[in-house]
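Enquirer: Structure incoming, see below.
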Amino acid sequence: MENSSKNLFEKFTYSSLIVKGQRQALEPGFVPDRLPHREKEADQLAEIISPSLKNFKPSNVIIFGKPGVGKTSVVKYVESEVSKAIQSRLDVKIKLIDVNCGVVDNPYGVLLAVGDGLLETWEEKLPFTGWPLDKLYATVLEKVRSFAGIVIIVLDEIDKLVKKSGDSVLYQLLRINEVTNEGRVSILGISNDLRFTEYLDPRVKSRLIEETMVYNPYNASQIYDILRDRSLYAGIADSIDDSAMKTCAALAAQEHGDARRAIDMLRIAVELTEKGSEKRIVDDTIYEAKKKLEKDVVVETVSTLPLHSKLVLFAISLIDEIKSGGISTMGEFYDLYEKISDRMGVGSLTQRRVADIIGELTNLGLIDSKVQSFGRYGRTTTVSLNYSSAKIKDILLSDEILAQLKDVKPTQKSLLVS
Ligand SMILES: Nc1ncnc2c1ncn2[C@@H]1O[C@H](COP(=O)(O)OP(=O)(O)O)[C@@H](O)[C@H]1O
Ligand SMILES: [Mg+2]
């Protein structure tokens, strides 16, 4: 072979755009030690938590805000400042316990995390499963008592916990303060969903929500500052055109002011530049990165849906195609969904279940849906796709099982499956 002396990996050794900085600064898990445009929020939260430094129980607080507006970062930052503040002080007893309810979304898991968080170093961890809940609760209560200080439980993505498992575990945690005076428990909840409190029992709601904070989406110039700062951490500030940075910020601001999206775009732009011929990140690199990111997210979301959600989405895409981007009603897409299920040889779900699926697809951002009232003629659900039907169909049909729907073409008149 002509090129036999070349190593297989040679063509993959890209030039590195990041020379002096740290690549992790662009990775999702990176926690910066400064948060531009969230100084006020950090201050406010510190004030709410500050009684704990005098051994008083701070108010329970819930932070609301859309994804990517810095909620988790602010809390992590304040937590680390608390730890620093009490480092050499023997007169205060504060325990901070982090629970990510995106992962731990059931009562057992939450109680376990709290119990484990209160273990003395020599104690064995509590059992991962198997204990009755009341035994686990009694153990947690005992641990709070013997700690005899302030326990701040941070429930990140608390909305997911409540939606998945209800509010019983919150009720139990809040009740600790009524059962004992020896240790005190405060809850700091973080929610992406502004309306999650609607799911709470009034008794839980009134106790849980003593203070609330709402973090607004960032605007373009704020995201620009965040990006600039991050590119300094990463050491790429000199390799990115200012106009590219502005474009990146503007695009992310359009998507509900999400700093995570902006940083993701920047990271992909760095990767694209290192693989390509350009030496710098320019406007076009950002546009390309945006495309790539969108594709990845949508592909991931759609391809991991359960079968019937895929079939419902397929029906909606077909109607969208016929109406070239129009809205479809429950009557229309349910009909088509039934026919498609038939053809696949799987039984179809009831309209009620399909309505649940519509809710889930809406939450995932794949479709928009509304319940429209037609006066005395009743109400119906209308939906529209948030992405092009061609794109959605492409992803769906690449599924092994759905591939048999490749030749399904709805006809204009009857929406019949041929
Ligand atoms: N004010 C800020 N300054 C610097 N980086 C930020 C800021 N706000 C958010 N980020 C970054 O954006 C990403 C998402 O922030 P995060 O706190 O996880 O948002 P949320 O918890 O609201 O979804 C993280 O990478 C974080 O470092
Ligand atoms: Mg978060």
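All of the numbers you see were taken from the coordinates with simple rules; none came from a lab. Keep in mind that this is a model prediction, so the values were computed, not measured. Here the Cβ positions follow ideal geometry from the backbone for every residue, glycine too, while neighbour counts run over all protein chains shown.
Enquirer: Amide H of residue 213 versus every other amide H placed in the peptide plane: which residues, excluding those fewer than 5 positions away on the same chain, fall under 5 Å?
Expert: 62, 63, 64
Enquirer: What are the ³J(HN,Hα) couplings of the range 268-275, residue after residue, when phi is run through the Karplus curve with 6.51, -1.76, 1.60 and θ = phi - 60°? Round to Hz, x for glycine and proline.
Expert: Calculated HN-Hα couplings, in order: 5, 4, 4, 4, 4, 5, 5, 8 Hz.
Enquirer: While we're on this one: Over the chain, what is the percentage of antiparallel beta bridges among all DSSP beta bridges, to the nearest 5? Walk me through the numbers on the way to the answer.
Expert: On the way: 10 of 33 bridges.
Antiparallel bridges: around 30 percent, rounded to the nearest 5.
Enquirer: In addition: If I stretch the segment between residue 277 and residue 362 completely, what's the gain in nm (0.36 nm per residue apart, minus their alpha carbon distance), one decimal?
Expert: Residue separation times 0.36 nm, minus the Cα-Cα distance, leaves 26.6 nm.
Enquirer: I need two numbers for the chain: Rg to one decimal and Dmax as a whole number, Cα atoms only, in Å.
Expert: 25.8, 80
Enquirer: Expressed in nm², what is the orientationally averaged projection area of the convex hull enclosing the Cα positions of the range 157-302?
Expert: 11.9
Enquirer: Give me a comma-separated list of calculated 3J(HN,Hα) values for the range 29-44, in order, Karplus coefficients 6.51, -1.76, 1.60 applied at θ = phi - 60°, integers in Hz, x for any Gly or Pro.
Expert: x, 5, 10, x, 9, 9, 10, x, 6, 10, 5, 5, 5, 5, 4, 4
Enquirer: Calculate the FRET efficiency for residue 138 and residue 409 from the Cβ-Cβ distance with a Förster distance of 45 Å, rounded to the nearest 0.05.
Expert: Working from the Cβ atoms, E equals 0.10.
Enquirer: Let me ask another. Dipole of the chain (Lys/Arg Cβ +1, Asp/Glu Cβ -1, origin at the Cα centre): which of 322, 150, 16 lies farthest to the positive side?
Expert: Checking the options against the dipole of the chain, the answer is 322.
Enquirer: Which of 345, 189, 235 moves the most in a Gaussian network model of the chain with Cα springs under 10 Å?
Expert: 345
Enquirer: Calculate, in nm to one decimal, what residue 85 and residue 24 gain on full extension: separation in residues at 0.36 nm each, minus their alpha carbon distance.
Expert: Stretched fully, the residue 85-residue 24 segment lengthens by 19.3 nm.
Enquirer: How would you rank 333, 147, going from fewest to most other Cβ atoms within 10 Å of each one's own Cβ?
Expert: 147, 333
Enquirer: Using 11 Å as the cut-off for backbone N distance, which residues of the range 48-83 belong to the label zone defined by a point 7 Å from the Cα of residue 214 along Cα→Cβ?
Expert: 64-66
Enquirer: So for the chain, taking the charge dipole from beta-carbon charges (+1 Lys/Arg, -1 Asp/Glu), which of 108, 189, 209 sits furthest toward the positive end?
Expert: Looking along the dipole axis, the top candidate is 209.
Enquirer: Hey, got the dipole for the chain? About the Cα centre, +1 on K and R Cβ, -1 on D and E Cβ, debye to the nearest 20? Could the numbers behind the result be given before it?
Expert: Numbers: 56 positive and 60 negative charges, 111 e Å.
Magnitude of the dipole: close to 540 debye.
Enquirer: Taking only DSSP H segments of four or more residues, each worth -39500 (n - 2.57), what value at 222 nm results for the chain once the sum is divided by all its residues, to the nearest 500 deg cm²/dmol?
Expert: Helices in the chain give a 222 nm mean residue ellipticity of -15000 deg cm²/dmol.
Enquirer: Top mean-square fluctuation among 22, 172, 351, Gaussian network model of the chain, C-alpha springs under 10 Å?
Expert: 351
Enquirer: Scan around residue 281 for amide H atoms under 5 Å from its own, H built in the peptide plane at 1.01 Å from N, and keep only partners 5 or more places away or cross-chain.
Expert: For residue 281, the qualifying residues are 240, 241.
Enquirer: For 64, 9, 314, what ranking results if the residue with the fewest other Cβ atoms within 10 Å of its Cβ goes first?
Expert: The most exposed by this proxy come first: 9, 64, 314.
Enquirer: Cα gyration tensor of the range 167-219, axes a ≥ b ≥ c as square roots of the eigenvalues: rounded (a/c below 1.5), prolate (a/b > b/c) or oblate? Please list the in-between numbers first.
Expert: Working: a/c = 3.11, a/b = 1.82, b/c = 1.71.
Judged from the Cα gyration tensor, the range 167-219 comes out prolate (a/c at least 1.5, a/b above b/c).
Enquirer: Can you tell me how much longer the chain between residue 301 and residue 287 gets when fully stretched, taken as 0.36 nm per residue apart minus their C-alpha distance, in nm with one decimal?
Expert: 2.9 nm
Enquirer: Thinking of the range 218-301 as a set of Cα atoms, what percent of all their pairs are more than 23 Å apart?
Expert: Roughly 13 percent, once rounded to a whole number.
Enquirer: For a quick check: sort 95, 6 by the number of other beta carbons within 10 angstrom, fewest at the front.
Expert: The most exposed by this proxy come first: 6, 95.
Enquirer: While we're here: Mean-square fluctuation check for the chain, GNM, Cα pairs under 10 Å: which of 85, 252, 46 is largest?
Expert: Between 85, 252, 46, it is 85 that shows the largest mean-square fluctuation.
Enquirer: What's the local net charge at residue 161, with K and R +1, D and E -1, over the other residues with C-beta under 11 Å away?
Expert: -2
Enquirer: Dipole of the range 38-214, Cα-centred, from +1 at each Lys and Arg C-beta and -1 at each Asp and Glu C-beta, to the nearest 20 debye?
Expert: About 120 debye.
Enquirer: Karplus couplings for the range 184-189 from phi (6.51 cos²θ - 1.76 cosθ + 1.60, θ = phi - 60°), rounded to Hz, Gly and Pro as x?
Expert: 10, 10, 10, 10, 10, x
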